[in-house]
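K.L.:
My questions all concern the structure below.
Every number in this text was worked out from the coordinates using simple rules, so none of it is lab data. This is a predicted model, so every value here is computed, not measured. We place every Cβ from the backbone using ideal geometry, glycine too, and count neighbours over all the protein chains shown.
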């Protein structure tokens with residue numbers, strides 16, 4: 001059986017959907033199916049990565065890689081690449097991942113293959129239910145694909161609810177949670193590397209670390225943590241706030257640090273290769289991403305992979321209410337689920353975990369056990385294979 005995975009996020013691009021696209025390609029290939037991934041070209045070095053994989057990767061032209069911003073050129077480049085791949089491969093199943101892929105799929109006149117679509121919260125919330133005319137226009141093509149699909153994969157119950165609200169029949173939608181890799185669950189922390197990170201970022205021995213791993217965009221919650229820091233520091237709790245990721249919001253976050261008087265306590269680590277992110281989870285004492293919905297941005301989290309990964313490393317997590325994080329983090333047992341706009345609540349949760357080391361450790365252990373029960377790579381792949389192999 002031939003399976004085509006069409007995605008606009010794939011390594012070396014960093015992000016949850018890129019990781020999931022790779023996991024699906026690898027897992028489905030290991031099950032004995034003939035897998036091809038259609039993905040953007042990022043650089044000449046992509047060939048080295050592609051040659052190391054046990055499945056085929058076809059790279060689209062550079063015009064298709066303009067992630068995130070809808071544009072006629074990108075949409076056309078994606079559609080033409082998809083048509084070419086369908087003609088050459090003649091797949092039995094096509095899995096569409098990312099908004100750009102959904103738009104292109106909805107424009108196809110016919111679908112002579114089984115269609116499986118992986119839909120994120122942003123696609124349901126911003127494009128099917130949003131108020132922006134440009135997004136609703138693209139949403140028409142996306143919804144056309146969803147209605148013709150054999151199955152839609154939702155990463156969380158909250159995303160399924162959004163899809164149903166947009167008029168997608170519930171019996172088309174299967175909730176398949178994102179899975180954490182075996183490596184993330186099994187690798188032991190490396191004391192030498194952790195000591196090197198402490199030295200690099202001038203984090204004193206014994207000084208606690210609060211971590212966020214995310215793109216630097218409004219709604220992820222880094223700004224809320226920065227605003228909460230003066231209250232936490234006033235209580236005498238010395239810690240460093242380590243921010244991993246890059247994005248257009250970085251300068252505003254740095255200006256906010258100056259305004260709040262916490263610049264010396266905040267570290268902007270920049271982008272980190274996926275293979276090294278595990279060390280930052282191991283370095284931290286608390287992982288925090290108090291995401292919130294920004295009205296004009298029409299953003300929402302489906303199920304953040306970083307929340308799963310941090311929990312898998314045994315870290316207590318403070319996460320925002322919107323989206324799927326609350327399906328991972330049990331409030332008061334493995335972390336806290338907070339209102340991302342309530343600075344006082346965020347500060348109190350940070351203080352509680354900084355002041356109660358035993359509670360923080362217990363929360364982290366509970367989080368890790370829950371990941372191992374429900375949110376593993378094997379469970380995700382097995383569930384997807386069931387959809388592919390059903391005759």
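K.L.:
Convex hull over the alpha-carbon atoms of the range 147-253: what's its volume per residue in Å³?
P.N.:
Spelled out: Cα convex hull of the range 147-253, divided by residues, is 183 Å³.
K.L.:
Choose one answer from 38, 24, 194: the residue with the largest mean-square fluctuation in a GNM of the chain with alpha-carbon springs under 10 Å.
P.N.:
194
K.L.:
Provide the percentage of antiparallel DSSP beta bridges, counting only those with both residues in the range 16-169; round to the nearest 5.
P.N.:
If I count the DSSP bridges inside the range 16-169, around 0 percent turn out antiparallel.
K.L.:
Let me ask you something else. Expressed as cubic angstrom per residue, what is the convex hull volume of the alpha carbon set of the range 182-374?
P.N.:
Normalising the Cα hull of the range 182-374 by residue number yields 111 Å³.
K.L.:
Order these peptides, 138-149, 111-122, by their mean beta-carbon neighbour count within 10 angstrom, highest first.
P.N.:
Answer by packing, highest mean first, reads 111-122, 138-149.
K.L.:
Would you calculate the convex hull of the Cα atoms in the range 63-140 and tell me its volume per residue in Å³?
P.N.:
About 89 Å³ per residue, rounded to a whole number.
K.L.:
Additional query: Starting from the Cα-Cα distance between residue 137 and residue 356, subtract it from 0.36 nm times their residue separation and give me the gain in nm to one decimal.
P.N.:
Contour length minus the Cα-Cα distance gives 73.8 nm.
K.L.:
Across 20 Å bins from the origin, how do the percents of Cα pairs in the chain run, short distances first?
P.N.:
The calculated distribution, bin by bin, is 28, 57, 15, 0.
K.L.:
Can you tell me what percent of all Cα-Cα pairs in the range 1-138 are more than 28 Å apart?
P.N.:
Roughly 12 percent, once rounded to a whole number.
K.L.:
Against the longest alpha carbon principal axis of the chain, how many degrees, from 0 to 90 and to the nearest 10, is the axis of helix 274-283 turned?
P.N.:
Roughly 30 degrees, rounded to the nearest 10.
K.L.:
Residue 161 to residue 192: extension gain in nm, 0.36 nm per residue of separation minus the Cα-Cα distance?
P.N.:
6.6 nm
K.L.:
Could you identify which residue out of 152, 28, 288 has the top mean-square fluctuation in a GNM of the chain using Cα springs shorter than 10 Å?
P.N.:
Top of the fluctuation ranking is 28.
K.L.:
Want the number for residue 73 to residue 150: 0.36 nm per residue separation, take away the alpha-carbon distance, what's left?
P.N.:
That pair, residue 73 and residue 150, stretches by 24.8 nm at full extension.
K.L.:
Using only alpha carbon pairs under 8 Å that are at least six residues apart, calculate the relative contact order of the range 53-205 and give it in whole percent.
P.N.:
Rounded, it is 16 percent for the range 53-205.
K.L.:
I've got another one for you. Just to be sure I understand: with springs between alpha-carbon atoms less than 10 Å apart, which residue in 132, 292, 192 has the highest mean-square fluctuation in the Gaussian network model of the chain?
P.N.:
Per the Cα network of the chain with a 10 Å cutoff, 192 tops the list.
K.L.:
Right, something else. Can you give the translational diffusion coefficient of the range 258-343 in µm²/s, computed by Stokes-Einstein from the Kirkwood radius over Cα pairs at 10 °C and 1.306 mPa s?
P.N.:
In µm²/s, the coefficient is 112.
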